């Protein structure tokens with residue numbers, strides 16, 4: 001017996017079915033993200049995959065916050081992290097000229113989540 005994933009709500013990320021700003025990481029604990037990634041990539045997602053579309057500053061901040069909160073930072077074995085294609089990700093690749101706003105965005109996102 002197979003399994004089907006219903007599409008996420010229109011106001012949610014089409015990759016992880018979670019509400020987040022496009023420049024922020026996908027939710028690596030989302031079951032939708034977990035199974036969608038596996039079905040389309042043939043491998044299980046890692047934390048690095050969830051943040052692969054982000055700038056280096058956001059990836060570092062996400063990793064620091066994830067491990068500080070007790071999460072285990074996971075990396076793919078034998079492959080590079082996979083960033084989902086921008087066309088599937090509603091402009092997940094965002095051009096940002098300076099690092100200030102993106103760090104503020106991740107701080108605001110963390111505050112709302114707590």
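Any residue that is over 25 Å from residue 43 (Cα atoms), touching a helix residue (DSSP H, G or I) at 6+ places or on another chain (Cβ under 9 Å) and either surrounded by fewer than 14 Cβ atoms within 10 Å (Cβ to Cβ) or at pLDDT below 90 (or both) - is there at least one of those in segment 70-79? No, the conditions are met nowhere in segment 70-79. Is it the case that segment 23-46 has a residue that's touching a residue at least 60 places away in the same chain (Cβ under 8 Å) and surrounded by 14 or more Cβ atoms within 10 Å (Cβ to Cβ)? Yes.
The values are calculated or read from the model by the stated rules, or taken from the named source; none is laboratory data. Here the structure is a predicted model, which means the values were calculated and not measured. Ideal geometry is used to build each Cβ from the backbone, glycine not excepted, and the neighbour counts take in all protein chains shown.
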